[in-house]
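Read-outs throughout are calculated quantities, based only on the coordinates presented, and are distinct from any laboratory measurement. Being a predicted model, the structure only gives us computed values, none of them experimental. Cβ placement follows ideal geometry from the backbone for every residue including glycine, while neighbour counts extend to all protein chains displayed.
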Amino acid sequence: MRTSFTSSASIPAGTAVIAIPVASEGPVPAEVGLSRAQLSAMGFEGRCCATLVLPPAPRSKTTRVLVGIGTVKDLDENTMRNIGAAAARACSRHTSMATAVATSGRLDHRAAAKAFVEGAALALHRWAELKRDKSSVPALRKIVLLSSDAQVRAGIAEGTAVATAVCTARDHANTPPSHLTATRFAREALAIARKSGLRTTVYDKKQLQAMGCGGIVGVNAGSVEPPRVVKLVWAPAGATKKVVLVGKGVMYDSGGISLKPSDASHASMKMDMSGAAAVLGAMSALRALKVKTHVTAYLMCTDNLPSGSAMKLGDVLTFRNGKTAEIHNTDAEGRLILADGLSLGAETKPDAMVDIATLTGACIGALGKKMAGVLGNDQGVVDQLLASSRRTDELLWQLPLFGDYRGLLDSNVADMKNIGGPFGGAITAALFLNEFTGGVPWAHLDIAGPMESDGDNGWLNRGATAFGTRLLIDFVANFQPAAKKPAARKKPAARKKPAVKKK
Ligand code: BES
Ligand code: MN
Ligand code: ZN
């Protein structure tokens, strides 16, 4: 059961706690009943995201929680999201909360309500499906934003759609690998797609073999669980822009024949499908957000396990686009399944493609756990992702798609090897993917670092983060294709071209 968000002009009867916004300057709201000096003496200065619990006012039963909103002119969507998270955490032991925090700044009310809802819902999210003792799940189930503004209602609806997408993606990534197989994940994706107005196709192992998807079939060879590719399509009426999303859905990454050592940290390899989970989450929100971009998504789902039938080092796989790769490490499996996904995506001739994957430890080495790497063959697509990153507070840092390193992938027997040596691993992985983009403007998000959070912090909670879900929603919602070259638009010039090429 998730927290519900509604709006109301007045505090509903029986509300357990009211969260009162207090800025770090200017007058203290009268309902607080304390001076700034008194608050200061209690260590509460109204700084952004600081909270202070006060007992109910005389003759009232409603607990009061002061929520610092800092300097009002500094408020933006990112601070409001964190303020929502802080308010929710401070009130999490109560069952219901009412607040005017979201509408207290000069921020546009719709954007403020959306950000507040996102922060609060994400801070309150827990995955406790397999816990018998659910006492760690916050009691806060009902949050009322005090406003009668239609913009606030719209913001609540948008924030709820986004937060639901992220929470669903977190649930999937937190679910143990034997509970969430590729088959079950595909079934869940279908159920979500049906509720979100998406068209769907699911490809099974036989179909993938017939389609020439040797990458995902090869990675799957060691598993008794069959693979699934789920294609989801959001096709709004009159769409003029077309984007493809591809998500790495390795349900469990043992490394395969290149087995990872037994280490408790590898329990997180159940989250190696976080890219696919983020894509599914993002797709689930597009109808509610009235997104005008046509979006096709591919969830590439399989385990990576060793067995007598597993792919071996030295094996050569042939991918959907006909290229071949020699396997030098079966633990570099993500790029093998993405190769088929990107090839399929490129065939639909979109304006842009984005893949998202828990792809390399090297990216964690380069950037740490708080940001993802972004690399691409098109600066316009990368720049739009960086802009989404700033708006969503899901941090990205661009790494170079440095062509000189392509030689590190050269193979004696195939078009390439699947690893590029000990250095620059995030870059060589992206160079591998680039071979399957078929000239489509493309960017790759390496989310190995931020897929999991070590603690509760703002809108992040310990466990799977579903990083990229909000970023992808923002990206497709705001996507602008590169301006077509003027020459290509002139019909005579365009007609001449093929004739010249035929020679
Ligand atoms: N899924 C892993 C990458 C990963 C590592 C994600 C840690 C999240 C946390 C990926 O499949 C992998 O094993 N990559 C190898 C590639 C190497 C063999 C070239 C790696 O990074 O070590
Ligand atoms: Mn691996
Ligand atoms: Zn992996």
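Counting other C-beta atoms within 10 Å, and keeping those with at most 11, which DSSP coil GluC sites (Glu not before Pro) do you find in the range 109-188?
Here the GluC sites (Glu not before Pro) that fit, given the DSSP loop and packing criteria, are GLU129.
How big is the Rg/Rh ratio for the range 289-403, C-alpha atoms only, Rh by Kirkwood, two decimals?
0.99
Rounded to the nearest 500, what is the chain's calculated 222 nm mean residue ellipticity when only DSSP H runs of at least 4 contribute -39500 (n - 2.57) each, over all residues?
-10500 deg cm²/dmol
Give me the three principal axis extents of the chain from the C-alpha atoms, as integers in angstrom, largest value leading.
Dimensions of the chain along the principal axes of its Cα atoms: 85, 61, 41 Å.
Using 7 Å Cα-to-Cβ label points, what is the ALA264/VAL233 separation (nm, one decimal)?
The modelled label-to-label distance comes out at 4.8 nm.
In this model, which of LYS231/LYS323; LYS231/LYS260; LYS131/LYS231 are farther than 28 Å apart at the alpha-carbon?
Beyond 28 Å between Cα atoms: LYS231/LYS260; LYS131/LYS231.
Per-residue HN-Hα couplings for the range 450-467, Karplus 6.51 cos²θ - 1.76 cosθ + 1.60 at θ = phi - 60°, whole Hz, x for Gly and Pro?
Each residue's phi maps through the Karplus curve to give x, 5, 9, 10, 7, x, 8, 7, x, 7, 9, 10, 4, x, 5, 9, 6, 3 Hz.
Tell me which aspartates and glutamates have Cα within less than 15 Å of LYS290's Cα, excluding those fewer than 8 residues away on the same chain?
List returned: GLU158, ASP474.
Take the alpha-carbon centre of the range 352-422, take the same for the range 45-112, and report the distance between them in whole Å.
Each part's Cα centre sits 38 Å from the other's.
Provide, in order from the shortest bin, the percent of all Cα-Cα pairs of the range 221-357 in each 5 Å bin, continuing until the bin that contains the maximum pair distance.
For the range 221-357, the pair-distance distribution reads 2, 10, 18, 20, 18, 12, 9, 6, 3, 1, 0.
Tell me which DSSP H helices of the chain clear both cut-offs, 27 Å or more of axial length from alpha-carbon atoms and a mean Kyte-Doolittle hydropathy of at least -0.5.
Helices meeting the criterion: 150-174.
Just list whichever of LYS73/LYS370; LYS114/LYS195; LYS206/LYS484; LYS142/LYS242 have alpha carbons separated by over 30 Å in the model shown.
The answer is LYS206/LYS484; LYS142/LYS242.
Using only the Cα atoms of the range 136-233, what semi-axes does the equivalent ellipsoid have when each is the square root of 5 times a gyration tensor eigenvalue? Give whole Å, largest first.
37, 18, 9
Once you have the alpha carbon radius of gyration of the range 4-158, what is it after dividing by 2.2 N^0.38 Å, with N set to its residue count?
1.00
In whole Å, what are the Cα extents of the range 180-478 along the three principal axes, biggest one first?
48, 39, 37
Treating only the Cβ of Lys, Arg, Asp and Glu as charged (+1, +1, -1, -1), what charge dipole size does the chain show about its Cα centre? Round to the nearest 20 debye.
About 1980 debye.
Per residue of the range 233-238, what does 6.51 cos²θ - 1.76 cosθ + 1.60 with θ = phi - 60° give for ³J(HN,Hα)? Whole Hz please, x for Gly and Pro, Karplus curve as stated.
Once θ is set to phi - 60°, the couplings for the range 233-238 become 10, 9, 10, x, 4, x Hz.
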